[in-house]
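Take a look at the structure set out below.
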Amino acid sequence: MIITGIALAMHYTPHVNLAFASVEHIMRDVNYGWLLRYIHANGASIFFILVYLHIGRGLYYGSYRSPRNLLWFIGVGIFLAMMATAFLGYVLPFGQMSLWGATVITNFFSAVPWIGNDLVEFIWGSFSVDNPTLNRFFSLHYLLPFVIVALVLLHLLALHQFASGNPEGINSDSDKIRFHPYYTSKDLVGVFWMILLFCVLVFFYPNYLGHPDNSILANPLVTPHSIVPEWYFLPFYAILRAIPSKIGGIIAMFSAIIILIPLSIFSTLNIRSFRYRPLFNILFWIFVFNFFILLWVGAKPIHLPYITVGLISTIIYFGYFFLMMILG
């Protein structure tokens with residue numbers, strides 16, 4: 001992602017009048033520019049798929065429990081940095097959905113008491129999403145991946161310090177196996193399937209996970225019929241829309257991610273792995289199914305029955321984490 005990002009930055013122009021044209025220039029005139037862009041755009045989706053699977057595995061096997069709290073906290077930090085980087089990158093092509101997505105998301109900060117409107121103007125650097133905004137977003141989008149690399153290194157150091165968990169959920173200090181060749185050969189299978197999926201996306205369905213409105217030049221005078229973020233934000237977008245209050249929706253959306261931190265602190269499960277907890281095993285798969293429901297609802301228009309389904313799914317989402325924290 002960093003290599004393709006640097007290559008794309010060599011040809012990209014962070015200016016509201018030139019950004020869209022520079023992306024078209026990359027796609028049409030730069031040698032293999034289309035490949036660089038499709039690898040970069042779909043690479044973000046693959047990155048999020050793998051991270052969601054990784055978080056799900058951690059939840060299932062109790063990897064968030066002590067003594068791996070620090071490992072889990074750094075992982076949540078990586079997830080937040082990824083989401084910020086992906087949002088900033090989505091704005092850069094300055095298509096129709098980029099402009100309106102940036103307008104909606106940055107307006108969240110207007111809900112901050114007393115300083116909300118001033119804070120939004122500070123982020124924009126103007127009175128709307130304009131040239132200063134695009135420059136700031138480009139600078140931060142270039143910077144944050146290196147922050148993620150630093151966090152990943154810290155994540156690996158914490159992993160080395162406290163060791164990996166295991167499916168049995170028991171202490172493995174006394175009985176260990178070598179990483180190579182057992183896990184390298186096992187991981188190569190996962191790498192193969194990931195590369196296969198990646199190639200299918202890049203070469204056959206490069207725009208499948210994107211929104212068609214982002215292929216239209218941004219127009220601040222025309223509001224899209226439905227403003228939808230990238231697919232990996234949809235579950236949290238559905239939670240935001242499920243709450244009638246603006247400030248309540250924003251708090252709920254951020255809490256949906258931040259709740260992973262108190263889960264690690266307050267969880268009272270003595271048996272880590274859900275393999276030996278049949279009821280919790282069922283609850284976990286209900287949670288996974290509910291997560292896909294939220295993803296589906298996030299892409300739908302804001303009217304009944306999607307509002308009701310989103311509210312019920314939001315209650316189930318938070319209910320799962322509260323159950324994990326209070327049930328022993």
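Out of Leu143, Leu134, Leu197, which single residue is closer than 29 Å to Asn281 by Cβ and out of contact with any Ser or Thr (no Cβ under 8 Å at 6 or more places or on another chain)? Every option except Leu197 fails the conditions. Only residues that are farther than 28 Å from Leu327 by Cα and not basic (Lys, Arg) were counted in segment 283-307, giving 11. Quick one: would you say Ile302 is in contact (Cβ under 8 Å) with a residue 40 or more places away in the chain and not in a helix (DSSP H, G or I)? Spelling it out, Ile302 is indeed in contact (Cβ under 8 Å) with a residue 40 or more places away in the chain and not in a helix (DSSP H, G or I). If we keep just the residues of segment 17-43 that are crowded, with 19+ Cβ neighbours inside 10 Å and hydrophobic (A, V, I, L, M, F, W, C), which is farthest from the chain's Cα centre (by Cα)? Checked segment 17-43; the qualifying residue farthest from the chain's Cα centre (by Cα) is Ile26. Does Gly101 qualify as being modelled with pLDDT of 95 or more, crowded, with 20+ Cβ neighbours inside 10 Å and part of a helix (DSSP H, G or I)? No: the conditions fail for Gly101. The number of residues in segment 14-58 that are β-branched (Val, Ile, Thr), at pLDDT 95 or above and within 22 Å of Thr133 (Cβ to Cβ) comes to 2.
Every residue, every condition in (1) surrounded by 18 or more Cβ atoms within 10 Å (Cβ to Cβ); (2) farther than 19 Å from Trp231 by Cα, yes or no:
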position	(1), (2)
Ser63	yes, yes
Arg68	yes, yes
Gly75	yes, yes
Ala86	yes, no
Gly116	no, yes
Val129	yes, yes
Thr133	yes, yes
Ser139	no, yes
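The residues of segment 116-158 that are among the aromatic types (Phe, Trp, Tyr), assigned to a helix (DSSP H, G or I) and without any contact (Cβ under 8 Å) to a residue 12 or more places away in the chain amount to a single one, Phe122.
In the condition set (1) touching a strand residue (DSSP E or B) at 6+ places or on another chain (Cβ under 9 Å); (2) surrounded by fewer than 19 Cβ atoms within 10 Å (Cβ to Cβ), Ile282 is compliant with all but (1). Considering (1) buried (at least 17 other Cβ atoms within 10 Å of the Cβ); (2) in contact with a helix residue (DSSP H, G or I) (Cβ under 6 Å, 6 or more places away or on another chain), the lone condition that Ile55 does not fulfil carries the number (2). Among residues of segment 191-216 that are farther than 17 Å from Leu53 by Cβ, those with a Cβ under 8 angstrom from a residue that is loosely packed, with under 14 Cβ neighbours inside 10 Å, sequence gap 6+ or separate chain, pair up as Ser215/Asn207. When segment 88-115 is filtered for residues that are over 23 Å from Ser22 (Cβ atoms) and either without any contact (Cβ under 8 Å) to a residue 40 or more places away in the chain or not assigned by TED's automatic domain parsing to the domain that holds Val23 (or both), the ones remaining, listed by number, are Asn107, Phe109, Ser110, Val112, Pro113, Trp114, Ile115.
The values are calculated or read from the model by the stated rules, or taken from the named source; none is laboratory data. Since we're looking at a predicted model, the values are computed, not measured. For neighbour counting, all protein chains shown are included, and Cβ atoms are generated from backbone atoms with ideal geometry for every residue, glycine included.
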